[in-house]
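Trainee: First, the structure itself, so that you have it in front of you.
The values are calculated or read from the model by the stated rules, or taken from the named source; none is laboratory data. Please read all numbers here as calculations on a predicted model, not as lab measurements. Cβ atoms come from the backbone with ideal geometry, glycine included; neighbour counts cover every protein chain shown.
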Amino acid sequence: MSTQKELISRLLRSAKPDVVIGSLGTISKDLESIPFNGEKRYVKGAMGCVLGIGLGYALGSEKRVLVLIGDGSLLMKMGSIASILRYRLKNLRVAIINNRSYASCGGQQTNFKYVENLLSHDGQPYNSRAYQVFEVSE
């Protein structure tokens, strides 16, 4: 299992986004330290809002947008997934980084495991054009 920083590095190489938008806390901290030739945007003070920001950016641009969000942040704004699925933009990808905790604010366990099945698509977990879940070690 990869660390979060290793996963983000690998995603930037494989997804080849033009823009990467990082959620608050450890995701933005790790993203800041990883070399990337495209645009980097950090949403450091609004838990979960990166989903709507990424959707808006992708709607208004032809650029390939990659949103990085943690499982805890996703739970705060899960309704945004409905809008992302409604538009099914080819230029937007969401990587949900599941470390099973609110790592940036005390390490409390999340309840993400209770919504994982809701994120399945066509009977296949995480098999969506819009988003994908990645497990990381702490």
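Trainee: Mind listing whichever residues of the stretch 10-27 are surrounded by 14 or more Cβ atoms within 10 Å (Cβ to Cβ), in contact with a Ser or Thr (Cβ under 9 Å, 6 or more places away or on another chain) and not β-branched (Val, Ile, Thr)?
Mentor: Step one: of the stretch 10-27, the residues surrounded by 14 or more Cβ atoms within 10 Å (Cβ to Cβ) are 11-12, 15, 17-27.
When the remaining residues are screened for being in contact with a Ser or Thr (Cβ under 9 Å, 6 or more places away or on another chain), the result is 18-19, 22-27.
Of everything in the stretch 10-27, those that are surrounded by 14 or more Cβ atoms within 10 Å (Cβ to Cβ), in contact with a Ser or Thr (Cβ under 9 Å, 6 or more places away or on another chain) and not β-branched (Val, Ile, Thr) turn out to be 18, 22, 23, 24, 25.
Trainee: Return a yes/no flag: does the stretch 92-102 have any residue that is among the β-branched types (Val, Ile, Thr) and free of Cβ contacts under 8 Å to residues at least 40 places away in the same chain. Give the derivation first.
Mentor: The first filter runs over the stretch 92-102 and keeps only residues among the β-branched types (Val, Ile, Thr), leaving 94, 96-97.
Within this subset, residues satisfying the condition of being free of Cβ contacts under 8 Å to residues at least 40 places away in the same chain are 96.
The answer is yes, given that some residue of the stretch 92-102 is among the β-branched types (Val, Ile, Thr) and free of Cβ contacts under 8 Å to residues at least 40 places away in the same chain.
For (1) touching a strand residue (DSSP E or B) at 6+ places or on another chain (Cβ under 7 Å); (2) farther than 19 Å from residue 112 by Cβ, each residue gets a yes or a no:
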position: 5; (1), (2): no, yes
position: 18; (1), (2): yes, yes
position: 28; (1), (2): yes, yes
position: 31; (1), (2): yes, yes
position: 36; (1), (2): yes, yes
position: 47; (1), (2): no, no
position: 66; (1), (2): yes, yes
position: 79; (1), (2): no, no
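Trainee: If you don't mind, there's one more thing I want to ask. Keeping to the stretch 7-47, report how many residues are closer than 25 Å to residue 90 by Cα and either assigned to a helix (DSSP H, G or I) or charged (D, E, K, R) (or both).
Mentor: Here the count works out to 17.
Trainee: With (1) closer than 12 Å to residue 94 by Cβ; (2) buried (at least 22 other Cβ atoms within 10 Å of the Cβ); (3) of a type outside the set (Ser, Thr, Tyr) as the list, and residue 52 as the residue in question, which single condition is left unmet?
Mentor: With (1) closer than 12 Å to residue 94 by Cβ; (2) buried (at least 22 other Cβ atoms within 10 Å of the Cβ); (3) of a type outside the set (Ser, Thr, Tyr) applied to residue 52, the lone miss is (2).
Trainee: Which residues, counting only those in the stretch 90-111, are charged (D, E, K, R), surrounded by fewer than 20 Cβ atoms within 10 Å (Cβ to Cβ) and within 30 Å of residue 60 (Cβ to Cβ)?
Mentor: Listed by number, the list holds a single entry, 90.
Trainee: Suppose the filter is part of a helix (DSSP H, G or I), modelled with pLDDT under 95 and of a type in the set (Lys, Arg); does residue 93 pass it? So that I can check it myself, show each step before the final result.
Mentor: On the way: part of a helix (DSSP H, G or I): no; modelled with pLDDT under 95: yes; of a type in the set (Lys, Arg): yes.
Criteria not met by residue 93.
Trainee: Among the residues of the stretch 35-60, write down those that are of a type in the set (A, V, I, L, M) and either in contact (Cβ under 8 Å) with a residue 60 or more places away in the chain or more than 18 Å from residue 96 (Cβ to Cβ) (or both).
Mentor: So the first thing to find is which residues in the stretch 35-60 are of a type in the set (A, V, I, L, M), and the list is 43, 46-47, 50-51, 53, 55, 58-59.
Matches in the stretch 35-60: 59 only.
Trainee: Exactly one condition in (1) under 15 Å from the mean Cα position of the chain (by Cα); (2) surrounded by 13 or more Cβ atoms within 10 Å (Cβ to Cβ); (3) under 17 Å from residue 133 (Cα atoms) is not met by residue 79; state its number.
Mentor: (2)
Trainee: Restricting to the stretch 14-70, give me the number of residues that are acidic (Asp, Glu) and closer than 13 Å to residue 104 by Cβ. Show your work before the answer.
Mentor: Step one: of the stretch 14-70, the residues acidic (Asp, Glu) are 18, 30, 32, 39, 62.
After this cut, where a residue has to be closer than 13 Å to residue 104 by Cβ as well, the list is 30.
Qualifying residue count, the stretch 14-70: 1.
Trainee: Could you check how many residues of the stretch 105-135 are within 24 Å of residue 20 (Cβ to Cβ), touching a Ser or Thr at 6+ places or on another chain (Cβ under 7 Å) and at pLDDT 75 or above?
Mentor: Number of matching residues: 1.
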